[in-house]
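Taken together, the values in this text are just the output of simple stated rules run on the coordinates, not laboratory data. All figures in this text were calculated on a predicted structure; none of them were measured in a lab. Neighbour counts are summed over all protein chains in view; Cβ atoms, including those assigned to glycine, are modelled from backbone coordinates with ideal geometry.
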């Protein structure tokens, strides 16, 4: 039995304060997952709180078939995908729209002769680039890059074939590569 | 594997999803091929930038906010709801669906007794006895019983 499992048991037997240890331990991971999927720091923070509340409410459903962080990641992922679906605006911004909206932010940010960009500027730009990806692409990238799921786990989770996972992941990465090159080119290629 | 095949395998290589043999082959190719090496490095930087930064610090404020929300929940209810939901999902719903399917199959497979006479001729005979319509046959309990006994072969 892992330390996480022991804490879960303690919480279920009435020691509610023990849950703070799990929140403390996994908050960064949950917040990062939310940020990748929602591409909005404020929404990500709210979503991360909701995830921990949902996890607490469903704690009796955790039977240790997977590790606690994996189980928590599934809750995070489902919650964020629900939020994305509810938004409905599906982020149809094209690359051109983004360029128009942000003008030449990427180039300006990376121009060393100009004022040095802050890390917040970078994060804003990264969030904007992420927000232009389709929910399907964000989903599979988050599963792989943040959740650390294997191809087989992704196929099982997304209820599709291994080949479909590979194809979708390849397309998602290709799109992210192209956008990253466009907006953060010199930073990445250098 | 040639250059293009290796190029297609770079993602799987990065994801540690290749067999040991394939992995050795890609590693050897990366040492020799500058283009593939650049692609791999570029993707590494991209993932670092998009998925591994920023290093989010643990925030006690966040923990307090979550715990404050949990304070407002009833823990006993949470446990009971969790247990009840689990019991419903695991036992009640499958049992209910199973019972419904079994009932349906039972009804469909029970052989129905064949009537001794075709319905048309039966009604014709009773119409001959001045019964004005089929509805009145049903309304007249005595005659209905008689018809049923006839159909079941008791008379």
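Rounded, prolate or oblate: which fits the range A:1-88, taking a ≥ b ≥ c as square roots of the Cα gyration tensor eigenvalues, rounded meaning a/c under 1.5, else prolate when a/b beats b/c? Taking the square roots of the gyration eigenvalues as a ≥ b ≥ c, the range A:1-88 is prolate. Residues A:128, B:154, A:145, arranged from fewest to most other Cβ atoms within 10 angstrom of their Cβ, appear as B:154, A:128, A:145. When A:53, A:140 are arranged by Cβ crowding within 10 Å, least crowded first, meaning fewest neighbours, the order is A:53, A:140. Of the residues A:170, A:25, the one with the fewest other Cβ atoms within 10 Å heads the list, and the complete ranking is A:170, A:25.
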